[in-house]
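Structure, as structure tokens:
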């Protein structure tokens, strides 16, 4: 018997409520002796840490730097090594593309070819507005000649997402990408017999697009990779008997949340908007995922000071959360994004759980260093959801 | 290679001795700022904690509240997700029913039916003495008509255990239980072809009993669930080359211990009796499981004060244990039973290991909070036995 089966068997519907506040990329590294979290003035989080139970969590496993997909799945109780999301689907979700169960998506680049040889895999990083014009042009031209639905969604610079819609599409396809410059244009190849039909469609599509772009100076062909169908993942309702909602305002996180059955509650752009939404819908759900994005964004920019400010702004909202009297409140990050590294990292997440059944430990403030001596020790983030369920009295006893 | 195979290969017979003292349900939650263990005066355990190595262990995994079965199996080195014990066998062990390798057991309820419709699944919770009379009546009436051995063992109120003895019995059976009132009596169904013979026997038995109980006003039929055969579990001799004994006085724990090859050393009802028994048989075995039950019982009752007293009484016996000079002494619980929750919980167990090779850590007293900064950190309880074997020099090197 595995952990997932046990949780499915033991979890039960109750009236208790759980709030999971994710400060994206919260964990950091010290600059001048202190991390962003240690630098920020966080009186409310410090008080919660002193009253509750803390620890440090590894999103996937020690040393692994996760993308947002596996890092979040893990926090939501899904084994990130079991549920692997294709690059294409993550890119599509991140671009706000509405993907259905029959759709096939892939990541695309506009590229430059000369006599069929790819001489620039990024078409000289064309400006985003040009990308948008090209996508519109291709979408309208293709409409007239295809019986299958195909649509391009522009991204930044040379990047786009393509979505194929129709019956019997397969993602058992190799990348249609020569990987290096000065190699011939690459077709996709079917990895199974059933995928041959899809491979033919994709290759015809690529030829059609190349024909449409014939007179474009730089972006005169495309390469595609990371073909993915909509993944089959059991919902949080099915696995944990929760009625979950996401309070998030970035497409990637909304898409991910929708994938596992969360209702998406749109929030405005400011941090306080998240909590307005939380208050407004508080009676309608029993699990809330609240996502603060900017801690990660400023971490990626290497902007230590602004990351500190986002942490402080979030801390100021903690009393509003507590006034809702959730049975369980968890504050953590999906992964670390130290400003020092300007990117995601493998460092563990500070983790804080507060409920009437949490055991006070020796932690006196909310920081990476303090959490390291917490009651939860160093643990796999996939255990976070079972812990929340347990403290919310949503898990029955295992065995007699 | 899995952990179990490695331990089987590496463990070796030596003269060293291990004592595992389990204070059932020891872990707790604070009332007025302190847990039961923090409140109790435990000078001897505190000294051991200061000298030895401590940690916090999860019986199954984080957030999971275990029953006594999986919690103990884990402490004895058995993966509790691999060795799942059926409800029937645990109930039988807990009732002191002697179950053999060919027997089939199930949990039963006396119930009330009217024209074949179950109108009370608990027969109005008949008094236990009435249950005992009915079991005797059924056992003697059945004896005359069955070629297969069947025997009922009364439990509390409407509950009993039934044991079928004979050749070729199978537990691949559905529950013979309508689950809800006002539904027809339910037969068991065979889940495999081989189980059909057993299903027929069980269904005939249920009809026979209903006939015997015809004139009983309330308890006029039975429902059965949790059919289990005696599980096949490798013994501790086989897995760890130990000669183990259990010093316990509750049927459930004696039954569990017997299941994995322990010799059962009966002890009286008082805590000191356990240690008299331990002293008496100390030269005959190399692994002793000593079980203090009342910490759990008082936890279940929500009786903080009495739980504290049991802890103190056990602490007073520690010098007697130490005078035996065991090579390894572990003191821990199988699961937590906070008085505050009046039941088993998912909180980890305080864990203390004392031996000449244990590393002193920063822990200065035996409590949940102190153990949280112990050298062992937060770990899976299934690692406890390998640790004991290692400190007793009973494990060879893995690999060259």
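Residue count for region B:30-60 satisfying the condition of being within 14 Å of chain A (Cβ to nearest Cβ), surrounded by fewer than 23 Cβ atoms within 10 Å (Cβ to Cβ) and not in a strand (DSSP E or B): 4.
Each row is one residue, and each column tells you yes or no for (1) within 30 Å of residue A:199 (Cβ to Cβ); (2) not assigned by TED's automatic domain parsing to the domain that holds residue A:176.
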site	(1), (2)
A:216	yes, no
A:221	yes, no
A:225	yes, no
A:237	no, yes
A:243	no, yes
A:248	no, yes
A:253	no, yes
A:258	yes, yes
A:261	no, yes
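Each row is one residue, and each column tells you yes or no for (1) within 24 Å of residue B:312 (Cβ to Cβ); (2) in contact (Cβ under 8 Å) with a residue 40 or more places away in the chain.
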position: B:344; (1), (2): yes, yes
position: B:347; (1), (2): yes, yes
position: B:351; (1), (2): yes, yes
position: B:356; (1), (2): no, no
position: B:366; (1), (2): yes, yes
position: B:375; (1), (2): no, yes
position: B:378; (1), (2): no, yes
position: B:381; (1), (2): no, yes
position: B:388; (1), (2): no, yes
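Here residue B:132 fulfils each of the conditions (1) at pLDDT 95 or above; (2) within 14 Å of chain A (Cβ to nearest Cβ) apart from (2).
Going by the structure shown, is residue B:273 out of contact with any helix residue (DSSP H, G or I) (no Cβ under 9 Å at 6 or more places or on another chain) and not assigned by TED's automatic domain parsing to the domain that holds residue B:186? First the steps, then the outcome.
Working: out of contact with any helix residue (DSSP H, G or I) (no Cβ under 9 Å at 6 or more places or on another chain): yes; not assigned by TED's automatic domain parsing to the domain that holds residue B:186: yes.
Answer is yes for this residue.
Of all residues in region A:74-84, those satisfying the criterion of being assigned to a loop (DSSP other than H, G, I, E, B) and at negative phi are A:76, A:78, A:79, A:80, A:81, A:82, A:83, A:84. When region B:85-106 is examined, which residues are found to be modelled with pLDDT under 85, closer than 17 Å to residue B:174 by Cα and either more than 13 Å from chain A (Cβ to nearest Cβ) or assigned to a loop (DSSP other than H, G, I, E, B) (or both)? Within region B:85-106, just B:86 meets the criteria.
Assess whether residue A:353 counts as being modelled with pLDDT of 95 or more and part of a strand (DSSP E or B).
yes
Of the residues making up region B:96-124, those that are within 22 Å of the chain's Cα centre (by Cα) and closer than 28 Å to residue B:215 by Cα are B:105, B:106, B:107, B:108, B:109. Quick one: would you say residue A:18 is within 14 Å of another protein chain (Cβ to nearest Cβ), farther than 30 Å from residue B:83 by Cβ and modelled with pLDDT of 95 or more? Yes; evaluated as a whole, the condition is true for this residue. Residues in region B:259-293 that are assigned to a helix (DSSP H, G or I) and without any contact (Cβ under 8 Å) to a residue 24 or more places away in the chain: B:276, B:280. Screening region B:73-84 for residues that are crowded, with 24+ Cβ neighbours inside 10 Å and facing chain A (nearest Cβ under 10 Å) and picking the one that is nearest to residue B:261 (Cα to Cα) gives B:73. Which of the residues that make up region A:342-359 are more than 14 Å from chain B (Cβ to nearest Cβ) and under 20 Å from the mean Cα position of the chain (by Cα)? Passing the criteria: A:342, A:343, A:344, A:345, A:346, A:347, A:349, A:350.
For region A:142-153, the criterion of being at negative phi, in contact (Cβ under 8 Å) with a residue 24 or more places away in the chain, part of a helix (DSSP H, G or I) and surrounded by 15 or more Cβ atoms within 10 Å (Cβ to Cβ) is satisfied by at least one residue. Answer yes or no as to whether residue A:299 is more than 27 Å from residue A:8 (Cβ to Cβ), within 9 Å of another protein chain (Cβ to nearest Cβ), buried (at least 21 other Cβ atoms within 10 Å of the Cβ) and in contact (Cβ under 8 Å) with a residue 60 or more places away in the chain. Answer is no for this residue.
Do you know which residues across region A:383-400 are in a loop (DSSP other than H, G, I, E, B) and more than 8 Å from chain B (Cβ to nearest Cβ)?
Taking region A:383-400 first, the residues in a loop (DSSP other than H, G, I, E, B) are A:392-394, A:396-397, A:399-400.
The answer is A:392, A:393, A:394.
Conditions (1) surrounded by fewer than 17 Cβ atoms within 10 Å (Cβ to Cβ); (2) farther than 16 Å from residue B:18 by Cβ, marked per residue:
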| site | (1), (2) |
| --- | --- |
| B:246 | no, no |
| B:254 | no, yes |
| B:260 | no, no |
| B:265 | no, no |
| B:289 | no, no |
| B:311 | no, yes |
| B:316 | yes, yes |
| B:319 | yes, yes |
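Considering every residue within region A:163-172, establish whether at least one is out of contact with any strand residue (DSSP E or B) (no Cβ under 8 Å at 6 or more places or on another chain) and without any contact (Cβ under 8 Å) to a residue 24 or more places away in the chain.
First, pick out the residues of region A:163-172 that are out of contact with any strand residue (DSSP E or B) (no Cβ under 8 Å at 6 or more places or on another chain): A:167-168.
Now restrict to residues that are without any contact (Cβ under 8 Å) to a residue 24 or more places away in the chain: none.
Within region A:163-172 (the criterion being out of contact with any strand residue (DSSP E or B) (no Cβ under 8 Å at 6 or more places or on another chain) and without any contact (Cβ under 8 Å) to a residue 24 or more places away in the chain), the answer is no, since none of the residues qualifies.
If the condition is being crowded, with 24+ Cβ neighbours inside 10 Å and facing chain B (nearest Cβ under 7 Å), then region A:360-382 contributes A:361, A:375, A:376, A:377.
Under the condition of being assigned to a helix (DSSP H, G or I), within 12 Å of chain B (Cβ to nearest Cβ) and out of contact with any strand residue (DSSP E or B) (no Cβ under 8 Å at 6 or more places or on another chain), the residues counted in region A:1-15 number 4.
Is there a residue in region B:298-309 that is over 22 Å from the mean Cα position of the chain (by Cα) and either modelled with pLDDT under 95 or not assigned by TED's automatic domain parsing to the domain that holds residue B:72 (or both)? No, that holds for no residue.
Can you say whether residue B:71 is touching a strand residue (DSSP E or B) at 6+ places or on another chain (Cβ under 6 Å), on the phi < 0 side of the Ramachandran plot and modelled with pLDDT of 95 or more, as far as the supplied structure shows? So residue B:71 fails the test.
The values are calculated or read from the model by the stated rules, or taken from the named source; none is laboratory data. The model shown is predicted, which means the values in this text are computed figures rather than measured ones. Note that we place each Cβ from the backbone using ideal geometry, even for glycine, and neighbour counts take in every protein chain shown.
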